[in-house]
Amino acid sequence: MTDPASLVDELRRAGVDRGAAVGLAVARGVGFGLSAGDRTWAVAHDDPAAVVRAVEEALRPRWIMWTNDTAAQLVADGVRVATAWDVAAVHRLLFGGWRAPPARTWAAPRDLSPATIPTLGQLDLLGGAASADDGDPTHPVRPDG
């Protein structure tokens, strides 16, 4: 679905209207992902800003973004959204400190220790494969949160 009007219609059918929370993640040159309620959309598009602009103009949702990097990218592409939440900024207000990467902002409200956040370390030939305790590899959240 690369037609902005089709996406707007799809979002309306999912119950998105003015002020509804819509999660947004943008990858320039690749596309973007949206989430609203229990629905998600992964959209391959070479100009995500144009589609976000169309959704903004038609629906004016409350955009939820992990960090201000997404908003800065949209502004650089000429898109200004009216209402947004920056998850990292909210995390800093609620929990203090400056560090607020997505994994930390996920862990803090769930009372998960930052020490349990998975990391990408040095891979080696003797490193074990993922264990059964890691859960479903197609699901982004492990069983322990």
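Here, each number is a calculation from the coordinates, and none is a lab measurement. Note that the structure is a prediction, hence the values are computed from the model and not measured. Every residue, glycine among them, receives a Cβ derived from its backbone with ideal geometry; neighbour counts consider all protein chains shown.
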### Query
Hey, what D do you get for segment 14-107 in µm²/s if you plug the Kirkwood alpha-carbon radius into Stokes-Einstein at 4 °C and 1.567 mPa s?
95
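So what's Rg/Rh here for segment 1-64, counting alpha carbon atoms and using the Kirkwood radius for Rh?
Working: Rg = 10.4 Å, Rh = 11.4 Å.
A ratio of 0.91.
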### Summary
In nm, the gap between the two label points placed 7 Å beyond Cα toward Cβ at residue 115 and residue 10 is 4.3
### Task
With θ set to phi - 60°, apply the Karplus curve 6.51 cos²θ - 1.76 cosθ + 1.60 along segment 3-14 and write out the HN-Hα couplings as whole Hz, x wherever there is a Gly or Pro.
7, x, 5, 5, 5, 4, 4, 4, 5, 4, 4, 7
## Note on the structure
Charge tally for neighbours of residue 53 with beta carbon under 12 Å away, counting Lys, Arg as +1 and Asp, Glu as -1, is -2
## Note on the structure
Lys and Arg at +1, Asp and Glu at -1: neighbours of residue 88 with Cβ under 11 Å from its Cβ sum to +1
### Query
Using θ = phi - 60° and the Karplus form 6.51 cos²θ - 1.76 cosθ + 1.60, what ³J(HN,Hα) does each residue of segment 70-78 get, whole Hz, x for Gly and Pro?
5, 4, 4, 5, 5, 4, 4, 8, x
